[in-house]
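The values are calculated or read from the model by the stated rules, or taken from the named source; none is laboratory data. If you're wondering where the values come from, they're calculated on a predicted model, not measured in any experiment. Glycine also receives a Cβ, built like all others from the backbone with ideal geometry; neighbour counts cover every protein chain displayed. Note: accessible area is taken over every heavy atom of the protein model, side chains too, but ligands, DNA and RNA are not part of it. Shrake-Rupley method; radii C 1.70, N 1.55, O 1.52, S 1.80 Å.
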Amino acid sequence: MIVLEPFTPTDFDQLIEWVADERLMKEWSGSMFSFPLTRAGLEWYIQDSNNLADPSVFIYKAVDSKTGVTVGHISLGGISQRDRAGRITRVLVGSTTERRRGICQGMVKALLRIGFEDLKLHRISLGVYDFNHAAINCYLKSGFQQEGVMRDVVRHGEDYWSLIEMGILEDEWRALQKSGSHAA
């Protein structure tokens, strides 16, 4: 089982190690960071995060509860209290040897529970590059629906990347909980 714990400065070195090349950096963070990832950049990133009194962004490390090993990173930001909406960003399953083990789905399910139960959100969205088939499958299995495609939104080298927009609403998530198909 995956549990989410606040991402803190003690986690910086692990994340820096995982984000080892420029392409992965862009896939993970868009234009938020410049390569290489630095401790100073991460200090800025976590400022004012994980504050239930002022919920604007929640940044987590994902921990395998059986082993205690940190296996990923995920955040929930863009939180609008007025619209009861948030956006999942910067999802990363750490070590490539950990991929294809359901970690992504465990991270997303844990974050959806926080968003819909603790924060009382109505809608949670995300964007995923159209070539990232493993992530797309993870999000679909977690209950997200594809809502549209933003074509050629990011340039990397000579290539352009398109972004698939996905979302899930609280009633859809609750129905999945009741059916047992989404139990975390």
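Residue under question is Val108, and the condition is that it be open to solvent by less than 30 Å² (accessible area, probe 1.4 Å) and either aromatic (Phe, Trp, Tyr) or not in a helix (DSSP H, G or I) (or both); does it hold? Taking the combined requirement at face value, the residue does not satisfy it. With the structure loaded, tell me whether Asp118 is of a type outside the set (S, T, N, Q), over 18 Å from Trp28 (Cα atoms) and at pLDDT below 95 or whether it fails that test. Yes, satisfied. Which one of Val63, Val71, Val3, Val19 is touching a strand residue (DSSP E or B) at 6+ places or on another chain (Cβ under 8 Å) and either under 30 Å from Tyr160 (Cβ atoms) or among the small types (Gly, Ala, Ser) (or both)? Sole residue among the options that is touching a strand residue (DSSP E or B) at 6+ places or on another chain (Cβ under 8 Å) and either under 30 Å from Tyr160 (Cβ atoms) or among the small types (Gly, Ala, Ser) (or both): Val19. Is it the case that segment 29-52 has a residue that's free of Cβ contacts under 8 Å to residues at least 24 places away in the same chain and surrounded by 20 or more Cβ atoms within 10 Å (Cβ to Cβ)? So far as segment 29-52 goes, yes, one or more of its residues are free of Cβ contacts under 8 Å to residues at least 24 places away in the same chain and surrounded by 20 or more Cβ atoms within 10 Å (Cβ to Cβ). Taking the numbered list (1) open to solvent by 50 Å² or more (accessible area, probe 1.4 Å); (2) over 27 Å from Leu52 (Cα atoms) in turn, Arg174 passes all entries but (2). Between Glu5, Glu27, the distinction of being closer than 25 Å to Ile168 by Cβ, part of a helix (DSSP H, G or I) and not hydrophobic (A, V, I, L, M, F, W, C) belongs to Glu27 only.
Residue by residue, here is whether (1) closer than 30 Å to Asp48 by Cα; (2) surrounded by fewer than 13 Cβ atoms within 10 Å (Cβ to Cβ); (3) polar (S, T, N, Q) holds:
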position	(1), (2), (3)
Arg87	yes, no, no
Phe131	no, yes, no
Ile136	yes, no, no
Asp152	no, yes, no
Ser179	no, yes, yes
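For the structure I just gave you, tell me whether Ala40 is assigned to a loop (DSSP other than H, G, I, E, B), more than 19 Å from Arg101 (Cα to Cα) and of a type in the set (Gly, Ala, Ser). Taking the combined requirement at face value, the residue does not satisfy it.
Report yes if Leu76 is closer than 16 Å to Asp118 by Cα and open to solvent by 50 Å² or more (accessible area, probe 1.4 Å), otherwise no. Considered against the rule, which asks whether it is closer than 16 Å to Asp118 by Cα and open to solvent by 50 Å² or more (accessible area, probe 1.4 Å), Leu76 comes out as no. Within segment 1-28, the set of residues being open to solvent by 70 Å² or more (accessible area, probe 1.4 Å) and in contact (Cβ under 8 Å) with a residue 60 or more places away in the chain comprises Met1, Arg23. Residues that are among the charged types (D, E, K, R) and assigned to a strand (DSSP E or B) within segment 49-86 comprise Lys61, Asp64, listed in sequence order.
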